[in-house]
Structures are given as C-alpha cells and as structure tokens.
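Trainee: Pasting in a structure now, in structure tokens, and then I'll have a few things to ask.
Just so you know, all these numbers are worked out from the coordinates, no wet-lab data involved. No experiment lies behind these values; they were computed from the predicted model shown.
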Amino acid sequence: MSVHSTPVVAAPGGPAHPLKDFWRYFSANKGAIAGLVIVVFVLLVAIFADVLAPYPPSVTDSTAFLLPPAWAVGGSSAHWL
C-alpha cells in the first residue's frame, strides 16, 4: 500500500501593502533616490542648524571680513561660515 501525498500550495496573500508597492517602484528610479537623498540632507542641515552655525545671524564681526582664510598665514579658524 502506498501513501500519496499532495504538495501543500500556499494561498496567495492578497494584494501587497500600498507602501511596499510604492517603495518598490520608487526605489527602481535612480533619480527619485537622488532627490530623496538631497531632501533628507537639507532636512538634516535644517534640524542641526544651531550646531553647524552656533553664532547668531544678527551679530556680525566686521573686523573678520578682511582676515585671510584659515589655511593662510594669519588666518583664523574661529568662523568657518
């Protein structure tokens, strides 16, 4: 007597989640990924603006305008921006 077993086939899981479907199409486009990277970079710069430029924008040091750059002799690295 031989036992016949039929393979179990999984039922289709239904439609994919809309976000997964969107990400699949979005990630296939290299231009879209480049745009996303640029937008994320700008958002990070905006979030960490106080860390990147710790000086208030309304206060200027007018004596520093004519100083040479930081890599030149006599230059100062106090104000990179």
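Trainee: Give the angle, between 0 and 90 degrees and rounded to the nearest 10, that separates the Cα long axis of helix 30-47 from the longest principal axis of the Cα atoms of the chain.
Mentor: 50 degrees
Trainee: Suppose the chain between residue 72 and residue 19 were pulled fully straight at 0.36 nm per residue; how much longer would it get relative to their current alpha carbon spacing? Don't skip to the answer; put the middle values down first.
Mentor: Details: separation 53, 0.36 × 53 = 19.08 nm, distance 5.24 nm.
Difference between extended and current length: 13.8 nm.
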